[in-house]
């Protein structure tokens, strides 16, 4: 088995560097031929991934968090090349959704070497011509992300919490125009999330019932709520119990277009662009390397 491994050594507050050494050693113990892809930046890393796929690597493996998984997804979506994940980041939502080992590089390397695959949906974004695997968010969460990305301190989830505290006092519901499978829905909302999987942001189960292989997107809309109510309700997203709130609406569609003035969307924690954007669920767009105990299709 020949694989190409792309890594972000700084993921997981720097712990991914050690995880990379452990995973590569384990893969080679399992007689896997590993080519390490090292890019000077994200664009070069993506180009190396695409070249590895074009050259016929048996699998592309992303080592790091959701950002690295998102990068590798761009290279494999719509191809027959499987994607493996050695989850070693702060946020590992796609790996968690698929039941992959998290922060256990030996176990994750064994999943790759075993070669069991499962086909999942992925979401094509237009006009960007990009893909995402978990959740796209627009509204309050993307405003907070914009703020957090400008902050140099602190690191990790605490930075996101401080960004919430900074943005919430002045935040106002936004006018959204949503088109779900051709049906137009105009509404004011605190945030809109389009989920292919259940969570984003390191475990926030914003679309808790989303299935990654059902051909549909879960669209969560939180309507206008007061600041105190929002602060009381927001923590429930980590358990996925927020859907019972009176201002919460969940709908499902295959193709979703979002538009709102001045709103930037984030997907899988990565900055996409200002709206409008169209999310199209593409069934079976990606083959994932998964544990043998889970749903699978074939063994190498």
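The values are calculated or read from the model by the stated rules, or taken from the named source; none is laboratory data. Here the structure is a predicted model, which means the values were calculated and not measured. Every residue, glycine among them, receives a Cβ derived from its backbone with ideal geometry; neighbour counts consider all protein chains shown.
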Practice prompt. Among the numbered conditions (1) more than 14 Å from residue 285 (Cα to Cα); (2) assigned to a loop (DSSP other than H, G, I, E, B), tell me where residue 81 comes up short.
Written response: (1)
Fill in: Residues that are within 17 Å of residue 135 (Cβ to Cβ) and out of contact with any helix residue (DSSP H, G or I) (no Cβ under 9 Å at 6 or more places or on another chain), drawn from segment 54-91
77
Practice prompt. Could you check, for segment 22-35, whether at least one of its residues is surrounded by fewer than 19 Cβ atoms within 10 Å (Cβ to Cβ), in a helix (DSSP H, G or I) and touching a helix residue (DSSP H, G or I) at 6+ places or on another chain (Cβ under 7 Å)?
Written response: yes
Worksheet item: Out of segment 222-241, which residues are touching a strand residue (DSSP E or B) at 6+ places or on another chain (Cβ under 7 Å) and closer than 30 Å to residue 118 by Cα?
Response: 237, 238
Discussion item. Criterion first (surrounded by 24 or more Cβ atoms within 10 Å (Cβ to Cβ), in contact with a helix residue (DSSP H, G or I) (Cβ under 7 Å, 6 or more places away or on another chain) and within 18 Å of residue 99 (Cα to Cα)) does residue 202 satisfy it?
Written reply: no
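Do we find that residue 74 is surrounded by fewer than 20 Cβ atoms within 10 Å (Cβ to Cβ) and more than 14 Å from the chain's Cα centre (by Cα) in this structure? Spell out how you get there, then give the answer.
Numbers: surrounded by fewer than 20 Cβ atoms within 10 Å (Cβ to Cβ): yes; more than 14 Å from the chain's Cα centre (by Cα): no.
Here the answer is no, as residue 74 does not meet what is asked.
Grab the helices (runs of 4 or more DSSP H) fully contained in segment 86-192, keeping just those with 1 or more residues being touching a residue at least 24 places away in the same chain (Cβ under 8 Å) and surrounded by 23 or more Cβ atoms within 10 Å (Cβ to Cβ). Walk me through it before giving the result.
Working: elements: 93-97, 105-114, 140-150, 157-167.
Fully inside segment 86-192 and qualifying: 93-97, 105-114, 140-150.
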Worksheet, complete the sentence: Of (1) over 16 Å from the mean Cα position of the chain (by Cα); (2) within 19 Å of residue 167 (Cβ to Cβ), residue 244 fails just (2)
Practice prompt. Return yes when residue 198 is assigned to a helix (DSSP H, G or I), in the same structural domain as residue 262 (by TED's automatic domain parsing) and touching a strand residue (DSSP E or B) at 6+ places or on another chain (Cβ under 9 Å) and no when it is not.
Written response: no
Discussion item. What are the pairs with Cβ atoms under 6 angstrom where one residue, in segment 255-276, is not assigned by TED's automatic domain parsing to the domain that holds residue 189 and in a strand (DSSP E or B) and the other, located anywhere, is modelled with pLDDT of 95 or more and buried (at least 22 other Cβ atoms within 10 Å of the Cβ)? Sequence gap at least six, or different chains.
Written reply: none
